[in-house]
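Undergrad: Can you read through this structure? Questions will come right after.
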Amino acid sequence: MLMHGSWGWLKVATLTVLLPAGVDSLDQAVRDDLQRHHDPRLQPVMQAATDLGRKDVLFGLLLAVAVLDPVAGPATARLALTSLVSTNLVVEGFKRAVDRPRPHGAHQRSNASFPSGHAASAFALAVVFARRWKRAAILFWLLAAIVAFSRMYLDRHYLSDVVVAAVIGVTCATLLVRWPPASSWGLGRPKKE
């Protein structure tokens, strides 16, 4: 792994904590297996799953939640938006600190591979939406997992990128949901269905 400037020590420290020994070889083995079994017929499905994580799609979804659920929709959308912002701040900090090249070779600090923003956002939303619509919780978790998998299938991320991203998304959203001041923002527990 190349070290650039003064960021080198931070990259080494971050990867040492977050990526235990052997993870790089596991990442590469999973990537190789996925690419070896790549089915062009699944490409549109995986691209559609990835597109669910685009910022414009996410904001459209939150707007729909706020408008179509007049009782708890606005508070749910605010909680989801706040979860996405906090999650993505953490993700972007790690991306810039670690600066890991993407599996397909692209290398840009602001768009680094580790961790996956799509996966982190999907899992943060799963926490919020599963909390609001408990009966559909399995669907939200399944969609988050499909979005995360699509990032690996499309060769945009490694396994560790999406696993760590899922942990970040779940952690940030859970902390926000449980944070006492959240109820004063109108983000507290929504009324039961």
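Undergrad: Calculate the spin-label point distance for ASP56 paired with ARG96, positioning each point 7 Å from the Cα along the beta-carbon direction, and give it in nanometres.
TA: 2.6 nm
Undergrad: Could you list which residues have their amide H under 5 Å from that of HIS157, counting only those 5 or more apart in sequence or on another chain, with H placed in the peptide plane?
TA: Under 5 Å from the amide H of HIS157 lie the amide H atoms of MET152, each far enough along the sequence or on another chain.
Undergrad: Set the Förster radius R0 to 30 Å, insert the Cβ-Cβ distance between VAL167 and VAL45 as r into 1/(1 + (r/R0)^6), and round the FRET efficiency to 0.05.
TA: 0.75
Undergrad: Using r as the Cβ-Cβ distance of ARG135 and ALA64, and R0 as 30 Å, what FRET efficiency do you calculate, to the nearest 0.05?
TA: Computed FRET efficiency for ARG135 and ALA64: 0.95.
Read-outs throughout are calculated quantities, based only on the coordinates presented, and are distinct from any laboratory measurement. Computed from a predicted structure; not experimentally measured. Neighbour counts are summed over all protein chains in view; Cβ atoms, including those assigned to glycine, are modelled from backbone coordinates with ideal geometry.
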